[in-house]
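Undergrad: Next up is a structure, given as structure tokens.
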Amino acid sequence: MNSRLLKAPLLCATVALTAITLMGTSPALGAQAAKQPDLPPALAPMSVMYETAACDPGGPTATDAALATRLNSQLQSDMRGYMTAYRVSCAREVIEAVRARNLAARAGVIAIATVIVETHLQNISEMVDHTSLGLFQQQDWWGTRAQRLNPTYATNAFLNAMEDEYPNGSWATAPIGEVCQAVQGSAFPSRYQVQASDAQIIVNALWNAAGPRLEDIPVSGDWNKDGIDTIGVFRPSTSTWYLRNTNSGDATIIFKFGHGPSGDIPVVGDWNKDNIDTVGVFRPSESTFYLTDGTTSLDHQFIFGHGPSGDIPVAGDWNKDNIDTVGVFRPGNSTFYLTDGTTSLDHQFIFGHGPSGDIPVAGDWNKDYIDTVGVFRPGNSTWYLTDGTTSLDYQFIYGHGPSGDIPVPGDWNKDDIDTPGVRRPGNNTVYLRNANSAGGVDEQFIYGI
Ligand SMILES: [Ca+2]
Ligand SMILES: [Ca+2]
Ligand SMILES: [Ca+2]
Ligand SMILES: [Ca+2]
């Protein structure tokens, strides 16, 4: 039996009582900005302050702040004039969780309308109404305190209940307010529908804002063990990864790994020899690698590199043991420093040609199952690759001049040979080629996020 249904009537009775109290004292409330711990957030005026937790662990972004300003004049109901970078960051987290489940935008509207009513888009970390916590004011039977204060968990718990109440996608056609009410069991069932149009405006803005940005860094890997590398992107400002298992369509695997706007640079590899590539980040300021064998777990953390020298990370299987390990390229001296473990310096050599803005790459260019390195020089769109350490075995132009192309090599056609790809930030287009030579594009697509 669902204990949520058992407990819901209790909650309703409490909320109704509080409402009576509120009506009796309402003349004083408008002027009161002080904390009123007895008032459930859903019934409190906008001026009441609650203790809140971060929604995005990295904090609100500059984009969130800009969007808050825009939304303040577009919204028509409760949230008009009250959007902040923090509230946008909360809405963004909710919508990212919806998108990661591959649900239609309408599910985002349902979730956002609910959060507007329950908390005015705040991740409330103090228990005001019984044990209720977080964006959706979920009581303790929804999860642990940490879970309910995790926007991704809280949103998924809400969506699970929504799909239970409205199976087979029937939430997509039911009135939005009715769906919110079915999940929340509020004493004020009519409060949700009136927020639906504002929720739609917020979802429209954020669904679009989730689209490609200039800051996105492309990565490639075999995320599903089918032997084909596919493209993903890492967004440093939000530590969010957008991956997919085909080289078409939108990102379908979305998660956070990394620690906010700290200059993290992405790396990809099979760190645990299960033939599935997973991600990691290198934080230059700490010369530290943080790697996961899954999506969000921190499974490997170690220092490799030598301080603030502009080191750029690479990853590959340098010793043919089927485990990918890392390394760094130091542009100042064109030197690669690679490890076969975590902290040991096992390979060090100069490759590259001075201070030309070279970007390091790694891959198995010759199908000997040993990864080696190379550099891509943006200024002349030229790839310089070695099958060893210092020999220049391939040199060719692939890319399109000074367009800011970012190199992203991989095995696109399952022949066990890694070849070039570039992502052009200006048009979010990825251009892949299946040979290590100058020539045409074999696959080209817009990366949808
Ligand atoms: Ca793996
Ligand atoms: Ca290895
Ligand atoms: Ca090789
Ligand atoms: Ca290939």
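The numbers here are math on the coordinates, done by the rules we state, and not lab data. What you are looking at is a predicted structure, and each value in this text was computed from that prediction instead of being measured. Because the Cβ atoms are built from the backbone with ideal geometry, glycine has one as well, and the counts that use them run over all protein chains shown.
Undergrad: Which whole number of Å³ per residue matches the convex hull of the alpha-carbon atoms in segment 80-166?
TA: 96 Å³
Undergrad: In degrees, nearest 10, range 0 to 90: what is the angle between the Cα axis of helix 3-29 and the longest Cα principal axis of the chain?
TA: 70 degrees
Undergrad: Hey, can you grab everything whose amide H is under 5 Å from the amide H of L135? Only 5+ residues off in sequence or another chain; H modelled, so Pro and N-termini drop out.
TA: I124
Undergrad: Using mean Cβ contacts within 10 Å as the protection proxy, how do 237-250, 98-111 order, highest first? Display every interim value, and only then the final one.
TA: Details: 237-250: 19.3, 98-111: 21.0.
Descending mean neighbour count gives 98-111, 237-250.
Undergrad: Sort M127, M162 by Cβ crowding within 10 Å, fewest neighbours at the top.
TA: Ascending number of Cβ neighbours within 10 Å: M127, M162.
Undergrad: How would you rank D346, D317, D277, going from fewest to most other Cβ atoms within 10 Å of each one's own Cβ?
TA: D346, D317, D277
Undergrad: Going by average Cβ neighbours within 10 Å, how do the peptides 186-192, 326-332 rank, with the highest at the top?
TA: Final packing ranking: 326-332, 186-192.
Undergrad: Which angle between 0 and 90 degrees, to the nearest 10, do you get for helix 85-100 versus the longest principal axis of the chain when only C-alpha atoms count?
TA: Approximately 70 degrees, to the nearest ten.
Undergrad: By how many nm would the segment from D274 to T342 grow when fully extended, if each residue of separation counts as 0.36 nm and the alpha-carbon distance is taken off?
TA: 22.7 nm
Undergrad: Pop out the ³J(HN,Hα) list for segment 158-167 in order, Karplus 6.51 cos²θ - 1.76 cosθ + 1.60 with θ = phi - 60°, rounded to Hz; leave Gly and Pro as x.
TA: After applying 6.51 cos²θ - 1.76 cosθ + 1.60, I find 4, 5, 4, 5, 4, 6, 5, 6, 10, x Hz.
Undergrad: Related question: Restricting things to alpha carbons, find the Rg to Rh ratio for the chain using the Kirkwood radius for Rh.
TA: Answer for the chain: 1.05.
Undergrad: For the chain, find the longest principal axis of its Cα atoms and tell me its angle to the long axis of helix 196-209, 0 to 90°, nearest 10.
TA: Around 10 degrees separate the two axes.
Undergrad: Using label points projected 7 Å from each Cα along Cα→Cβ, tell me how many nm separate D299 and S73, to one decimal.
TA: It is 4.9 nm.
Undergrad: Next question, about the same structure. Per residue, how big is the convex hull of segment 375-425 when only Cα atoms are used? Give it in Å³.
TA: Measuring per residue, one finds 77 Å³ for the Cα hull of segment 375-425.
Undergrad: Let me check I've understood the local charge: for D78, count other residues with C-beta under 14 angstrom from its C-beta, Lys and Arg +1, Asp and Glu -1. What total comes out?
TA: +1
Undergrad: Can you tell me the Rg and Dmax of segment 217-446, counting just the alpha carbons, in angstroms?
TA: For segment 217-446, the Cα radius of gyration and maximum Cα-Cα distance read 15.9, 41 Å.
Undergrad: Let me have the 222 nm mean residue ellipticity of the chain computed from DSSP H runs of 4+ only, each contributing -39500 (n - 2.57), with the sum over all residues rounded to the nearest 500.
TA: -8000 deg cm²/dmol
Undergrad: Counting Lys +1, Arg +1, Asp -1, Glu -1, what net charge surrounds I116 among other residues with beta carbon under 12 Å of its beta carbon? Each step should come with its number before you reach the end.
TA: Numbers: positive: R80, R87, R191; negative: D78, E118, D198.
After counting each charged neighbour, the total is 0.
Undergrad: Based only on other Cβ atoms within 10 Å, what is the fewest-to-most ordering of T230, T152?
TA: Lowest count first: T152, T230.
Undergrad: Given the alpha-carbon gyration tensor of segment 343-449, what are the semi-axes of its equivalent ellipsoid in whole angstrom, ordered largest first, with each equal to the square root of 5 times an eigenvalue?
TA: Numbers: eigenvalues 102, 56, 32 Å².
Its equivalent ellipsoid spans semi-axes of 23, 17, 13 Å.
Undergrad: What does the charge add up to near R283, with Lys and Arg as +1, Asp and Glu as -1, over the other residues with Cβ less than 11 Å from its Cβ?
TA: Charge balance in the 11 Å sphere: -3.
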